[in-house]
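Down below is the structure, laid out as structure tokens.
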Amino acid sequence: MSDAAGLVQFLSAIAEFAQGKEVTAPSVSPVWQKELLSARHPPRITCLHHEYEQVLDTNNNDANSTPIQKPFFFGPKEIRAIRNHLPPHASASTFEVLTACLWRCRTRALALDPNNTVRVSCLFNGRSLPGLIVAQGYYGNVITYPAAVSKAGKVCSFPLEYTVELVKMAKPQMTAEYFRSVADLMVIKGRPLYTVAAGNFIVSNVRHLGLDTVDFGWGKPVYGGIAGAFPMISCDMNFKDGIVVPICLPEPVMERFEEELKKTTKEPFDGSADHRPTKITSML
């Protein structure tokens, strides 16, 4: 078990037994065939993988301070306020809009050199991806997180629509070939860690996986998700009538992040300056 979907499957199986159901096996039988997503022979990297680039981190002193954690709640009011920063014709999911907002606020708070390259990655579940044969009940890792990249100065100064479009750019990269290329990269480059430069931000949306619906016989949980964020990694999770996102940042950066977020979620908002046409000709 190494991704959220596998974890939910495991918890659901335990819940079936915990509820006293007369079953001798879980309703979804586990599949342990790790070789389903093994590297090819010979391995070959066929796609660009910005998420694994090993780069020199030129952080300021704040970014190297001890990190702290804080959860942030986004209800209908906050999501509406963020969407008000977009032009009326903009089409994007709540996850895309929220991720773009958090990435923009985070990049501003880090106070990076405008010429620094920053990245945003969204974790994608490939279990139903055409061309990727994964049996129902597979417990292994079937996620990847292609990155969109930009200069920090553009993310900070361009309208929010710019960052939304960058977030949306990451999803079409996720193909069966991309998954195979990642598996091959792990072999060729010795399982490198994701980019650890401060400007990298990785977000996972676990709202629709069922973590908050697993019932062990005591009723549905009030909250279902991770206990907190990691440096550079956050998750969108259901909480009551909204979304909670834990953020991990150095304390002085967190203070600036909160101020940026307050400005973005404040109503009413005159979005005339943020509704200028934005054309993305390159991710750099």
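The values are calculated or read from the model by the stated rules, or taken from the named source; none is laboratory data. Just so it is clear, the structure is predicted and the values come from calculations on it, not from any experiment. Glycine also receives a Cβ, built like all others from the backbone with ideal geometry; neighbour counts cover every protein chain displayed. Heavy atoms of the whole protein, side chains included, go into the accessibility calculation; ligands, DNA and RNA do not. Shrake-Rupley method; radii C 1.70, N 1.55, O 1.52, S 1.80 Å.
Of the cross-linked pairs 34/189; 70/168; 21/77; 34/171; 168/220, those separated by over 31 Å at the C-alpha level are 21/77; 168/220. Each residue of region 96-101 is assigned a 3J(HN,Hα), and the resulting list reads 5, 5, 5, 4, 4, 4 Hz, derived from the Karplus form 6.51 cos²θ - 1.76 cosθ + 1.60 (θ = phi - 60°), x at Gly and Pro. Placing dummy labels 7 Å off each Cα toward the beta-carbon, the span from residue 128 to residue 186 is 2.3 nm. The alpha-carbon atoms of the chain define a convex hull whose volume equals 144 cubic angstrom per residue. Note on residue 266: aspartates and glutamates with a C-alpha under 13 Å away, same-chain residues under 8 apart excluded, are 78, 258. Working from label points 7 Å from Cα in the Cα-to-Cβ sense, the residue 213 to residue 31 distance is 2.1 nm. Ordering 218-227, 81-90, 103-112 by mean Cβ neighbour count within 10 Å, with the highest value first, yields 103-112, 81-90, 218-227. For the chain, the share of DSSP beta bridges that are antiparallel, to the nearest 5, is 70%. Modelled spin labels at residue 55 and residue 80, positioned 7 Å past Cα toward Cβ, are 3.8 nm from each other. On a 0 to 90° scale, report how tilted helix 251-264 is relative to the longest principal axis of the chain, with both axes built from alpha carbons and the result rounded to the nearest 10. The answer is roughly 80 degrees.
Let me check against my output: what whole-number percent is the relative contact order of region 4-265, with C-alpha pairs under 8 Å and at least 6 apart? About 33 percent, as a whole number. Counting heavy atoms of the protein chains alone, residue 230 has an accessible area of about 120 Å² for a 1.4 Å probe. For helix 176-188, what angle does its Cα long axis make with the longest principal axis of the chain, in degrees from 0 to 90 and rounded to 10? Helix 176-188 sits roughly 90 degrees off the main axis of the chain. Counting heavy atoms of the protein chains alone, residue 189 has an accessible area of about 130 Å² for a 1.4 Å probe.
Could you tell me how many degrees, from 0 to 90 and to the nearest 10, lie between the Cα long axis of helix 160-170 and the main elongation axis, the longest principal axis, of the Cα atoms of the chain? Once rounded, one gets 30 degrees.
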